[in-house]
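One structure is given here, and the rest of the page talks about it.
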Amino acid sequence: MQTVYETMYILRPDLGDEQVEQNISKYENILKEQGAEDIEIQNRGKRRLAYEIGKHRDGVYVQMNYSKGGKAIAPLERAMRLSEEVIRYLTIKQEVKSEPVTETTEEAAA
């Protein structure tokens, strides 16, 4: 069984594209330094928030999926909590079952 983590965070809407990319690379580097692997980052872009957060109605959504990053979560979330650019973040843990490899009838016949 493999553990996969997903961190979703929302950046302030008034940040420029360059600042958004700097924040994304900053958090990606934190994950890499802590030993996370298979890092996938999706910039979901600016979207309307369901409710106002700190006088912001919009936010830039970013999703990061990674594995083997259990010890990376605390430093990552600490950096996000201290950052004024991040208005919300959430990390979830997913258990992914590995399918055992079985031979098909064609391979068995060969």
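The values are calculated or read from the model by the stated rules, or taken from the named source; none is laboratory data. Please read these numbers as outputs of a predicted model, since none were measured by experiment. Positions of Cβ are generated from backbone atoms using ideal geometry, with glycine treated the same way; all protein chains shown enter the neighbour counts.
May I ask you to list the residues in segment 1-36 that are more than 12 Å from the chain's Cα centre (by Cα), part of a strand (DSSP E or B) and hydrophobic (A, V, I, L, M, F, W, C)?
Passing the criteria: only Leu11.
Is one or more of the residues making up segment 49-71 closer than 26 Å to Thr3 by Cβ and without any contact (Cβ under 8 Å) to a residue 24 or more places away in the chain? Before the answer, list the steps.
Looking only at segment 49-71, we keep the residues that are closer than 26 Å to Thr3 by Cβ, and these are 61-71.
From what's left, without any contact (Cβ under 8 Å) to a residue 24 or more places away in the chain: none.
No, segment 49-71 contains no residue that is closer than 26 Å to Thr3 by Cβ and without any contact (Cβ under 8 Å) to a residue 24 or more places away in the chain.
If you take the residues of segment 51-104 that are among the hydrophobic types (A, V, I, L, M, F, W, C), closer than 16 Å to Leu11 by Cβ and part of a strand (DSSP E or B), which of them is modelled with the lowest pLDDT?
For segment 51-104, the residue satisfying everything is Ile53.
Can you confirm whether segment 79-87 contains a residue that is surrounded by 15 or more Cβ atoms within 10 Å (Cβ to Cβ), among the small types (Gly, Ala, Ser) and in contact with a Pro (Cβ under 6 Å, 6 or more places away or on another chain)?
Among the residues of segment 79-87, not one is surrounded by 15 or more Cβ atoms within 10 Å (Cβ to Cβ), among the small types (Gly, Ala, Ser) and in contact with a Pro (Cβ under 6 Å, 6 or more places away or on another chain), which makes the answer no.
Picking from Val62, Val4, which residue would you name as being touching a strand residue (DSSP E or B) at 6+ places or on another chain (Cβ under 9 Å) and crowded, with 17+ Cβ neighbours inside 10 Å?
Working: Val4 fails: crowded, with 17+ Cβ neighbours inside 10 Å.
Being touching a strand residue (DSSP E or B) at 6+ places or on another chain (Cβ under 9 Å) and crowded, with 17+ Cβ neighbours inside 10 Å holds for just one of Val62, Val4, which is Val62.
Just one of (1) surrounded by fewer than 12 Cβ atoms within 10 Å (Cβ to Cβ); (2) part of a strand (DSSP E or B) trips up Ile39, so point out which.
For Ile39, the failing item is (1).
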